[in-house]
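Quick note: the coordinates plus some simple rules give every number you see, no bench work behind them. Quick caveat, the model's predicted, so the values are computed rather than measured. All Cβ positions, glycine included, derive from the backbone under ideal geometry; neighbour counts span all protein chains shown.
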Amino acid sequence: MFIQLKSFILATAFIFLTLFTGGCASSITRMTVDGMKPLMEKMRVASTSNQDVEIVRDAMPAFLVQMDGFIEVSPENRFLLANAAESYMGYAFLFVEDTDRDRAKALYYKSREYALRNLKLNKIFAQALEQDDIEVFKQALKTIHKRDIAPLYFAANAWLQWIRLDHAENPNALNDLPKVEAITDRVLELDDTFYYGGIHAVLGAWYVSRPQMFGGQPDLAKFQFEEAFEISESKFLLWQYLYARYYAVEIKDRKLFVDTLNQVISAPDDLLPQEAFVNAAVKLKAGELLKRADDYFVIAGQATGSVK
């Protein structure tokens, strides 16, 4: 692991040095970046299986900046674009949104843009994305195949999160919903088990938190969450957190809210070793959310109002 980290640091230093020297070094720099995929995959495994939330959290901003630099060097690298989309999305949700919604909104937007840049390497999709015709867009999505399910999933997820945070100040953001829903449909068609059934949890949260004018659908939300629980075997704790945070709050079931969060908090640390970091971070978020139960439910006969 030390050798891998040392190699990564040396490669990173070389890349950023050549970024500022230009000339014939640019092609060498791109070859170096493109050749780092195996190393970065191993480093991803190391970080996602690390239970020390503080170490990974504190390292993420520097990692995101590095990813931006790598993409500057190799702007059509599908692996980098997909991983940048996932990283910005995860960082925004786990560590930013609870304290700085405006910053989280910007990070979700950047995640969406990286995912869409990946998908726009398909020229048919790129052209359809710029059009208002939703049927043309749906047809273009049929040319996106399973190898690109990661950018599809993170595009839909980050886009919905951005709309959720932005629509109150920018109602025009809601105009994007038909395209986002078309993308989620394509993910469901290609592989609804991707990322532990994540598309079901995303839809579950959206169906109960969507703007009132579009009608919340708690029954459908429950079905989607149950699908995510089944696919993940309830081992990916983020889905239970979302279930408490959105579904239990929406149906005003405080007991379900408290019980679900306590299940998350008390879950074994080795429940899903390959996702130890996310599960550990979610357990911390669940503890903080549980402390705020009174913000979401009735106190002494008076509603405090919904906190979105």
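Could you check which residue among THR193, THR29, THR99 shows the biggest mean-square fluctuation in a GNM of the chain with a 10 Å Cα cutoff?
Result: THR99 has the largest fluctuation of those listed.
For the chain, list log₁₀ I(q)/I(0) at each q in 0.07, 0.10, 0.13 Å⁻¹, using the Debye formula over Cα point scatterers of equal strength and ignoring solvent, two decimals each.
Computed log10 I(q)/I(0) values: -0.29, -0.60, -0.99.
About the Cα centre of region 221-289, what is the dipole size in debye to 20, counting +1 per Lys and Arg Cβ and -1 per Asp and Glu Cβ, all else neutral?
My answer is approximately 340 debye.
Pull out a ≥ b ≥ c, the square roots of the eigenvalues of the alpha-carbon gyration tensor of region 53-169, then state rounded if a/c is under 1.5, prolate if not and a/b is larger than b/c, and oblate in the remaining case.
Oblate, because a/c is 1.5 or more while a/b does not exceed b/c.
Would you mind computing Rg(Cα) / (2.2 N^0.38 Å) for region 77-126, counting N as its residues?
Compared with the compact-globule rule of thumb, region 77-126 sits at 1.23.
Please get the size of the charge dipole for the chain, origin at its Cα centre, with Cβ charges of +1 on Lys and Arg and -1 on Asp and Glu, quoted in debye to the nearest 20.
With only Lys, Arg, Asp and Glu charged at Cβ, the dipole is about 420 debye.
Name the most mobile residue of ALA155, ALA173, ALA104, meaning the one with the largest mean-square fluctuation, in a Gaussian network model of the chain with Cα contacts below 10 Å.
Highest fluctuation of the listed residues: ALA173.
Using only Cα atoms and rounding to the nearest 10 degrees, what angle (0 to 90) does helix 177-191 make with the longest principal axis of the chain?
Compared with the principal axis, the helix lies near 80 degrees.
About the Cα centre of region 29-191, how large is the charge dipole given +1 on each Lys and Arg Cβ and -1 on each Asp and Glu Cβ? Please answer in debye to the nearest 20.
Dipole size: approximately 540 debye.
On a 0 to 90° scale, report how tilted helix 149-166 is relative to the longest principal axis of the chain, with both axes built from alpha carbons and the result rounded to the nearest 10.
The two axes meet at around 50 degrees.
Would you be so kind as to identify which of VAL264, MET31, LEU238 lies farthest towards the positive end of the dipole of the chain, taking Lys and Arg as +1 and Asp and Glu as -1 on Cβ and the Cα centre as origin?
So the residue furthest toward the plus end is MET31.
Please rank VAL45, VAL278, VAL202, fewest neighbouring Cβ atoms within 10 Å first, as an exposure proxy.
Lowest count first: VAL45, VAL278, VAL202.
Of ALA158, ILE55, PHE223, which is farthest on the positive side of the dipole of the chain, counting Cα position, with +1 on Lys and Arg Cβ, -1 on Asp and Glu Cβ, and the Cα centre as origin?
ILE55
Taking the chain as the reference, fit the longest principal axis to its C-alpha atoms, fit the long axis of helix 254-265 to the helix C-alpha atoms, and give the angle between the two in degrees, 0 to 90, nearest 10.
Value to nearest ten degrees: 40.
Whole angstrom only: what separates the Cα centroid of region 91-155 from the Cα centroid of region 28-83?
Cα centroid to Cα centroid, the span is 19 Å.
Counting only helical runs of four or more DSSP H residues, what would the 222 nm mean residue ellipticity of the chain come to if each run contributes -39,500 (n - 2.57) and the total is spread over all its residues?
Rounded to the nearest 500, the figure is -21500 deg cm²/dmol.
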